[in-house]
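J.: Quick one: structure below, then a few questions.
Readers should treat all values here as calculations from the given coordinates under stated rules, not as data from a laboratory. Just so it is clear, the structure is predicted and the values come from calculations on it, not from any experiment. Using ideal geometry, Cβ is built from the backbone for each residue, glycine included, and neighbour counts are taken over all protein chains shown.
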């Protein structure tokens, strides 16, 4: 069974951490950072959210 890593998703516009997700710990997945379009409550629109440091 693959282990999961908890990551924080940060809005690229306002820099607020809005989402917490789980990510697989595979070698290919660890090197790449997630970049998803999510809704930001502060900006009130869909913006790019990137994986941030802990």
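J.: Which three semi-axes in whole Å describe the equivalent ellipsoid of the chain, each the square root of 5 times a Cα gyration tensor eigenvalue, listed largest first?
T.: Values: eigenvalues 107, 19, 15 Å².
Working from the Cα gyration tensor, I get semi-axes of 23, 10, 9 Å.
J.: Which value in deg cm²/dmol, rounded to the nearest 500, describes the helix-derived mean residue ellipticity at 222 nm for the chain, given -39,500 (n - 2.57) per DSSP H run of n ≥ 4 and division by the residue count? Present the calculation step by step, with values, prior to reporting the outcome.
T.: Numbers: 1 runs with 5 residues, N = 54.
Helix contribution divided over all residues of the chain: -2000 deg cm²/dmol.
J.: Something else now. Could you check the spin-label model distance between residue 35 and residue 5? Points 7 Å from the Cα along Cα→Cβ, value in nm.
T.: For residue 35 paired with residue 5, the spin-label model returns 1.8 nm.
J.: Spin-label point model (7 Å from Cα, Cβ direction): what's the residue 46 to residue 12 distance in nm?
T.: 1.4
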